[in-house]
Structures are given as C-alpha cells and as structure tokens.
Amino acid sequence: MIYFSVILIFIFAFLPQLLFSQEIHKLETIIISAEKVTVPASLTQGSVNVITSEEIELRHLDYAKDALGTLPGLNLTRSGGKGALTGLFIRGMNSEHTLVLLDGMELNDPTSSNRSFDFGHFLLENVERIEILKGAQSLSYGSDAIAGVVNIVTKTGKGKPTFSLTSSAASHSTFRESGSLSGGTEKINYFLSFTREDSKGISSADKRFGNDEKDSYRNSTLFSKIQVKPNENIGIHFLLNHINSYKELDYGAGPKGDDPNYDSRLKNLVLKGSLDIKLFDGKWTQKLSYGVNDMYRNYENDPDPVRTFWSRYSYEGAIEKIEWQNNMVIRSDNEIVFGIEYERENAKYESLSSWGKDIMPKKSTHTISLYVQDRFDIKDRVQGIIGIRTDDHSRFGTETTFRIAPSLSISETRTRLKGSYSTGFKAPTVYQLFAPADPFMGPVGNKDLKPEKTKSYEIGLEQMFFKDRMSLGVTYFENYVKDLIIFDYDPVLWVYYGFKNVGKAETKGFEFTLSGTLTESLNFTLGYTLCHARDKEADEPLPRRPKHKFDAAFQYRVLDRASFGLECQYIGERYNNTGRGRKMGGYTVFGGSVDYRINKNLLVFGRVENMFDKHYYEVWGYGTEGRVLKGGIKLTF
C-alpha cells in the first residue's frame, strides 16, 4: 500500500494548481470508429478506452501488449520473453472472446484451435490509435467479439513528404531499427514503413529452475497504406501489413524446460481494399471492402541429448471478408447503419513426429450476416444505440443477436450516465469442428458443436471536473457465457472425448478510472479493476485472471522539448490453471520513460521497465525479462 500512498500524495501536492489555475488545457477530444460510426469517444455508448499515437510515442512503447496491459479491465499474459504466445483477457473473459481488427480487417488467427489473436508479434510503429470496446459487440462484428473489440487504426500520411529513422538498443541484446516515409495531398496520401527487431532474449522456461539457454526472437514488419480521393465523394483505400517472425522456444515450463532445438516461424499477411462513396451531400455513405488475413505457422523440434523424439507441425489458413456497409443520416440527431457481410474461413494442418503422422486437410466454413443499428440523440440529452444482427453459419445455422445501449447526458453538472445490454455468440473454429481423431487416444473435432453464447450487462457513470480538466469513470459489468466449448479428456486414462459444449462461466466486477491534467505540463491516469471470474460448472476461479488490478501513469513535459514519465502497475494473485492449481502471487512493477528533443529533426529517448527488477510470473514457470533498459534516437526530416 505504500506505493499507492505515494501516488495519492503526489496528486494532492498539485491539487491547488488544478483548482485555481485557469490556463490548463481541457482534456482532448478523441474520435473513434469502432462502433461503425465516427463519433467522439465521450459519446460512445459502451465502455471504451483509447490509446493514441502521442501516448505511445511519449512512453516509447514497442508492442501492443505494452500499451494494452495498462488499461482497466484488461489483463495480458505472455508465456516467456519477446515473441512468446501472448493472450488478452477483457473483463475476465477468455482470450479467444476478443476480436482484434486492423483498420476494420479481422486479425484473429484462423489456424489456432480457438481462433484467438496472439499479441506477441504486433509492433506499434504504424499505429495512430487503439480503440478498445468492452462487452459483447456481436451487433457490429458477429462472432469472436463477445468480450469486446480491439480496433487498431493505422497512421495516414499528410502534408509534405516526411522521412523518419529510429534506432534503439535494449537489454538482452535487443536491437530495433525502423524507417517510414509519409506524405499526402488532397488527392492522395501514403504511409510506408519497415521495422526490424532482433533479440537474444531470455530463457522461455524460467531461469530460476536452472534453465539458462536463451531463446532468441526476430521480427520484420512491412506496412503500407495508400489512399486516393479523386473527388470529395469518392475514396479508395489500400492496406498491407506483413509480419515475418522467428522465435526459439522451450519444451515446457519449470525444471528441465530448456530445449536448444525447438523453434517456430510465423508469416502473417493482411490485405484490405475499400471504396467509399458519398451520396446526397454526404447523408448516405457506402463502403464496399474486401480483406484477407493469411496466416502460416510452423514449429520444428529436432532431437537433442535430453529428448530423443522429434516433431514438425505446420498450420495454414485464411480469413476472407467482403462487406457492404451503409451509413444514412436521417436527421442531424439520427443515423442508421445497415449492411451485409460474407466471411469465409479455412485452415489445414500437418503433424509429423516420432509418434506418427496427423493431417487435417483443408477445411472451411462461411458466414453470411445482415445487420442494422440506429444511433439517436434526443435534444443532446438522451443518446443511444439499438440494433439487431443475423448471422447464418454454414455448419450450425442462424444466430440472432441484439444490443440496447442508452445514455443520459446532464450538461449542467457535466455528468453522463450510461448502460447497455447485449447478446453475443462465438462460432466453433475450423479446428474444433474438423480436427481428426487421434488413432490412440480418441476423438478431437466435433461437427455437431453449437456456438458459445453470452449476455453482457453494464451500467456506468462519467463525471467531468474542474472545467473538463479531470474525468472520473465508474462502471459495473456482468458477463454470462453458456455452451462454452472445452476439450474433454481423461488425464488418468489418457483418453480423448473431443470438443464439447459443456462449459458455463460468469465474470462481474467494477472498473474505476481517473485522468486529467494536474498542471499545464503534468498529465496522469489512474485505473483500478475488481473482477470476479468463475467457472460455473466447476465452481472455481478462472485461471490467470487477477481479482485486483491497479495502474497509474504520470507524464511531465518541459517546454515541448523534453518529457518524463513514471508508471506503476499492481497485479493481484491468481491461479495458473484450472482446478485451483498452482497460485501465482501478486506483484507490483514500476517503469518510466524520458526523451529530449535536441532540435526539430533529432530526438533521443530512453525507457526502463520493471525498474526494481521484480521477479514475477504471468504464466507459471515461464520467464519474464526482469529489468529492461532501452535507449535510442529518432531522426525526422
């Protein structure tokens, strides 16, 4: 508690300046698009957090994990060092219950067993902002969005051509280089970049158990975004993002986990093209888009003196999506969104090992979706969204979901009350449906699986203080999931029963946020989450979800030339796996950043993570990096 006391003292030391200063700027208005309508974040109907490129650059963050992990209601776990499998849990829900988008194109992995997204490889150089919507979002996005949506919006070029080079070095022999070229006119704009990171890394299996073989990581990311606007009513957009990574792995966690011959390779190509057309003076906007998310993963483990077996695993798959979205402004206070989507998902895998061969030939499913939603605003007092969606899946049939999300704005007191009720579903994956049976242990895939279903409730309060220089948010949430898909097996008899719809889960709790400007140069954010996440079938806590989570961050700027930042995070105790297995203790870590602009072209920066070299686990038995020091330069011209 001493950490929290220091933070509170720090805030109140600046409170007089906050109360009496008249020159401090108000909190900035941030525009988001994740609800399929472009609105200020302050007018969204659900719980939303936004991470801006300015915040990313001030804190000198490298990976999406680093940014998302500091937000209330979000918890991320990584099974080892850089590049290791990284999952996101929103409000205690499973990692596969979050849909991740890149400029609207789905990034979830069609080749994984649960179609989750691995945050271990996604870099932040090209990110303009990250929008996080919590609660079931099936109305807008169908399957995979029953916990929420992470919408990553990329940078757009503008103005005269600008070229930037960034180079940094960090602990564990980590080196990073990136370059970008951007610019634009009224007719065309472009943003092109390339980033490369090499790291000798740490042992994926925790070194405290005698694992000293380091597991290296490499990541090369190529990005391009081009937009053409022949006239004010037509826009053409093209996006490419390609990730090529290599990661050395260990055989497992804990003692004797080191494996010198185990590695993985990942290639992910995302392409998206879209055409925007405005009709009737912009009152009817149509967007026709086509996107592809192509994924390839490969794992190889050769024999070594400790383990004489070998294995080769390869996974290939893709998501293709076509969407026709229409936004119609009926009146200035009423906008209707409707559209149709077609999505096709395919996957295949091949396993060769000392134990034999296992192959799933290419299998696919498809979904046709119709949706309509109405966003209304009654006299700037009552706002809301109401909508319905129907998804027709090629295997299990039709699923209908809806959302009701009203809010009340009291301008006299700068108060906003809001709530929502929404339903959602998650379709079974290609692997869960079609994976072949193991010849020795039994069935795996199940063609009769039903979708997982959820109901989400929330009610919240947003309050502005001190001429909108400070914002307080309080939200209560509940999520109920039934027909959870689990893999059923007998660990004693070593018998598989395959994937089944037998699970139930419940998560509920509170989120508190407080943010603002203490002085003209000093900003802060505080967040606290209380989350109860339980497996209702087994009546036990869901693993790797902390009951308590606290985050704090302060940023101080000096005459637009230098900045200093300080961060603190507390993660409470939680179980590592089901069955009330091994419990992982809570921990507190500190971090910070600093930069100095030598001139308009040259910036030098530094960052420290885990400042006091705290040992902790995100996943039991897997290593964490300890104290990390980073320094670098950025040249822009």
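What the table shows:
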{"item": "Number of the condition not met by Lys225 [criteria: (1) crowded, with 20+ Cβ neighbours inside 10 Å; (2) within 27 Å of Thr624 (Cα to Cα)]", "result": "(2)"}
{"item": "Failed criterion for Ser369 (all others in (1) more than 30 Å from Asp250 (Cβ to Cβ); (2) out of contact with any Asp or Glu (no Cβ under 9 Å at 6 or more places or on another chain) hold)", "result": "(2)"}
{"item": "Those residues of segment 68-111 which are among the polar types (S, T, N, Q) and either crowded, with 23+ Cβ neighbours inside 10 Å or over 23 Å from Arg176 (Cα atoms) (or both), in sequence order", "result": "Thr70, Asn75, Thr77, Thr86, Asn94, Ser95, Thr98, Asn108, Thr111"}
{"item": "Search result, residues across segment 568-610 that are in a loop (DSSP other than H, G, I, E, B), surrounded by 14 or more Cβ atoms within 10 Å (Cβ to Cβ) and polar (S, T, N, Q)", "result": "Asn576, Asn610"}
{"item": "Selection from segment 533-569 of residues that are touching a Pro at 6+ places or on another chain (Cβ under 8 Å), farther than 23 Å from Arg627 by Cα and in contact (Cβ under 8 Å) with a residue 40 or more places away in the chain", "result": "Ala533, Asp535"}
{"item": "Lone unmet requirement of (1) assigned to a strand (DSSP E or B); (2) at pLDDT 90 or above; (3) at negative phi; (4) not polar (S, T, N, Q) for Tyr489", "result": "(2)"}
{"item": "Failed item in (1) part of a loop (DSSP other than H, G, I, E, B); (2) among the charged types (D, E, K, R); (3) in contact with a Gly (Cβ under 6 Å, 6 or more places away or on another chain), with Asp560 passing the rest", "result": "(3)"}
{"item": "Any hit, segment 117-133, residues being in contact with a Gly (Cβ under 6 Å, 6 or more places away or on another chain) and either closer than 24 Å to Ile368 by Cα or of a type in the set (A, V, I, L, M, F, W, C) (or both)", "result": "yes"}
{"item": "Leading residue by the ranking (surrounded by the fewest Cβ atoms within 10 Å (Cβ to Cβ)) among those in segment 396-429 that are in contact with a Gly (Cβ under 7 Å, 6 or more places away or on another chain) and either among the charged types (D, E, K, R) or more than 18 Å from Glu462 (Cα to Cα) (or both)", "result": "Phe402"}
{"item": "All positions within segment 383-395 that are surrounded by fewer than 18 Cβ atoms within 10 Å (Cβ to Cβ) and over 29 Å from Ser332 (Cα atoms)", "result": "Asp392, Ser394, Arg395"}
{"item": "Residue within segment 277-286 that is out of contact with any Lys or Arg (no Cβ under 8 Å at 6 or more places or on another chain), small (Gly, Ala, Ser) and surrounded by fewer than 17 Cβ atoms within 10 Å (Cβ to Cβ) present", "result": "yes"}
{"item": "Among (1) more than 27 Å from Asp483 (Cβ to Cβ); (2) in contact with a Lys or Arg (Cβ under 7 Å, 6 or more places away or on another chain); (3) surrounded by fewer than 22 Cβ atoms within 10 Å (Cβ to Cβ) - the single one Gly516 does not satisfy", "result": "(3)"}
{"item": "Filter result for Gly183 (under 24 Å from Asn301 (Cα atoms) and surrounded by 15 or more Cβ atoms within 10 Å (Cβ to Cβ))", "result": "no"}
{"item": "Qualifying position, being of a type outside the set (Val, Ile, Thr), in contact with a Phe, Trp or Tyr (Cβ under 9 Å, 6 or more places away or on another chain) and either crowded, with 17+ Cβ neighbours inside 10 Å or in contact (Cβ under 8 Å) with a residue 60 or more places away in the chain (or both), among Glu335, Glu343, Glu350", "result": "Glu335"}
{"item": "Qualifying residue in segment 148-169 (condition: of a type in the set (A, V, I, L, M, F, W, C), in contact with a His (Cβ under 6 Å, 6 or more places away or on another chain) and surrounded by 24 or more Cβ atoms within 10 Å (Cβ to Cβ))", "result": "no"}
{"item": "Single residue of segment 447-493 satisfying the filter (within 28 Å of the chain's Cα centre (by Cα) and among the hydroxyl-bearing types (Ser, Thr, Tyr)) that is nearest to Ala437 (Cα to Cα)", "result": "Thr454"}
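Condition check ((1) more than 21 Å from Gly159 (Cα to Cα); (2) of a type in the set (S, T, N, Q); (3) without any contact (Cβ under 8 Å) to a residue 40 or more places away in the chain) across all residues:
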{"residue": "Tyr190", "(1), (2), (3)": "no, no, yes"}
{"residue": "Arg196", "(1), (2), (3)": "yes, no, yes"}
{"residue": "Ser199", "(1), (2), (3)": "yes, yes, no"}
{"residue": "Ser204", "(1), (2), (3)": "yes, yes, no"}
{"residue": "Tyr217", "(1), (2), (3)": "yes, no, no"}
{"residue": "Glu232", "(1), (2), (3)": "no, no, no"}
{"residue": "His242", "(1), (2), (3)": "yes, no, yes"}
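The values are calculated or read from the model by the stated rules, or taken from the named source; none is laboratory data. What you see is a predicted model, and the numbers here were worked out from it, not measured in a lab. Glycine gets a Cβ as well: all are built from the backbone with ideal geometry, and neighbour counts include every protein chain shown.
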